[in-house]
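Reviewing the structure listed below.
What follows draws every value from the coordinates through simple rules; no lab data is involved. Just so it is clear, the model here is predicted, and its values are computed rather than measured. Cβ sites come from the backbone with ideal geometry, for glycine too, and all protein chains shown count toward neighbours.
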Amino acid sequence: MASTGMELPLIDAPALPTRRIRRQKPIKVCPEELYIEPTSVCNLKCTMCYTNVINGPDRRVLSYEEVTNFAQRYLDAVGPVVNVYWCGTGEAFLHKDFPRMVNRLLEYGPDIEQTIQTNGTIDRLDEFTSLERLSFNVSIDGPKELHEWHRGSNTFDRTLRFCKAALDRGCQSMCIRCLLRRDNIERLDEYHQALTDWLGPRFTLELNPPFDNSVLRPVRDEAQAINQHDIDDSRTITTEEAVRICAEKYQGKYEICVWGTVDNYISLTTYGVFTCCHGILKIGEIEEPIPTLMQRMIDSKPRCISCAMHPCQ
């Protein structure tokens, strides 16, 4: 979740063994960013998914009132502009009141900006009062057969139809997010051309190497929102490898997302309030005062540095 904010001093921490080169990064506290996961449910079974999807009677859901009241309190405490990033431990569009929640925040006008992360397989666009101030981040992971190896059959065309519909209806922006793997990184030109054939030049592309089991295992016990079982990481690639391949094969045509900081922001999920989207460092409950939660997030920076996933960006 890219943003601007207060950059805090770097805290020394012992290196932990992972598949990545462990680098210390400064923490940036982002008071203008609010991350919301309103549900644990999903309609897909993605091969490399590391989130703890819970469907059926045990599903976890935040109510319309819980979410909108928290957003109101957050805007009152932080203002003047809050960037709300909607996501889901699964898929936000499966929450029955999701468009209604988005519409409620649209009523604040330019005081709240909204970005929706989605797998793009559920089209409820007609339930929004307007798309003009809504941005979308949509997951598409390579050419059709490579995308569907991860996301499942009959998802590629559905997702692109969703993207095209959102663009045709005048959404603010469209970012296509791709989980890079050893197979799809070799076919980026083909992938980009397929996106362009569907959408024209009206999108941006974000390339992110995924987490593998060596990164996920150390944090599973303390993060309920993370998949409690090993994922299929047979095709994963490190950031270092991805940067090298893109430089050598594509001569800088494509850039890998490499952040200079680790962003901390208030993250409201069905498990409580945390300091990032991974749900590892809990700082409180939904009913607690926003200034209290914010101060706890600021005070938690040594824990962020020592987290087994650091640097997660």
- Task: Report the one residue of TYR64, ILE112, CYS49 whose Cα lies farthest in the direction of the positive end of the charge dipole of the range 18-156 (charges on C-beta: Lys and Arg +1, Asp and Glu -1; origin at the Cα centre).
- Result: CYS49
- Taking the range 156-261, the whole-percent share of alpha-carbon pairs separated by over 16 angstrom is 65 percent
- Add +1 for every Lys or Arg and -1 for every Asp or Glu among the other residues with Cβ under 15 Å from the Cβ of ARG60, and state the total. -3
- Task: Go through the range 34-40 residue by residue and turn each phi into a ³J(HN,Hα) via Karplus (6.51, -1.76, 1.60, θ = phi - 60°); whole Hz please, and just put x for glycine and proline.
- Result: 10, 9, 10, 10, x, 7, 9
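What is the diffusion coefficient of the chain in µm²/s, taking the Kirkwood radius over Cα pairs and the Stokes-Einstein relation at 4 °C with a viscosity of 1.567 mPa s?
Numbers: Rh = 20.1 Å.
For the chosen part, D equals 65 µm²/s.
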- Task: Take every DSSP beta bridge whose two residues both sit in the chain, then give the antiparallel share in percent to the nearest 5.
- Result: 20 percent
- Message: To check my understanding: the extent here is largest minus smallest coordinate of the Cα atoms along each principal axis. What are those three numbers for the range 214-311, in Å, largest first?
- Response: 51, 29, 22
- Query: Can you list the HN-Hα couplings for the range 272-285, worked out from phi with the Karplus curve (6.51, -1.76, 1.60; θ = phi - 60°), rounded to whole Hz and with x for Gly and Pro?
  - Reply: x, 10, 10, 9, 6, 6, 7, x, 9, 9, 7, 10, x, 10
- When the dipole is taken about the Cα centre of the chain, and only Lys, Arg (+1) and Asp, Glu (-1) are charged at their Cβ, what size is it in debye, to the nearest 20? 520 debye
- Tell me what the chain gives for mean residue ellipticity at 222 nm when only DSSP H runs of n ≥ 4 count, each as -39,500 (n - 2.57), the sum divided by the residue total, rounded to 500 deg cm²/dmol. -8000 deg cm²/dmol
- Task: Kindly write out, for the range 161-169 in residue order, the coupling ³J(HN,Hα) from the Karplus curve 6.51 cos²θ - 1.76 cosθ + 1.60 (θ = phi - 60°), rounded to whole Hz, with x marking Gly and Pro.
- Result: 4, 4, 4, 5, 5, 5, 5, 5, 8
- Listed residue (LEU160, THR236, LEU216) projecting farthest to the positive dipole end of the range 147-254, Cβ model: LEU160
- Task: Give the long-range amide H neighbours of ASN52: residues separated by 5 or more places, or on another chain, with amide H under 5 Å away, using H modelled in the peptide plane at 1.01 Å from N.
- Result: ILE226, ASN227
- Message: Under 5 Å between amide hydrogens, which residues at least 5 positions from ASN264 or on another chain qualify, with H placed 1.01 Å from N in the peptide plane?
- Response: LYS28, VAL29, CYS30
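Would you mind ranking CYS312, CYS307 by Cβ crowding within 10 Å, fewest neighbours first?
Working: CYS312 19, CYS307 23.
Exposure proxy ranking, most exposed first: CYS312, CYS307.
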- Query: Rounded to the nearest 5, what % of the DSSP beta bridges within the range 27-183 are antiparallel ones?
  - Reply: 5 percent
- Peptides 85-98, 67-80 ordered by average Cβ neighbours within 10 Å, highest first: 85-98, 67-80
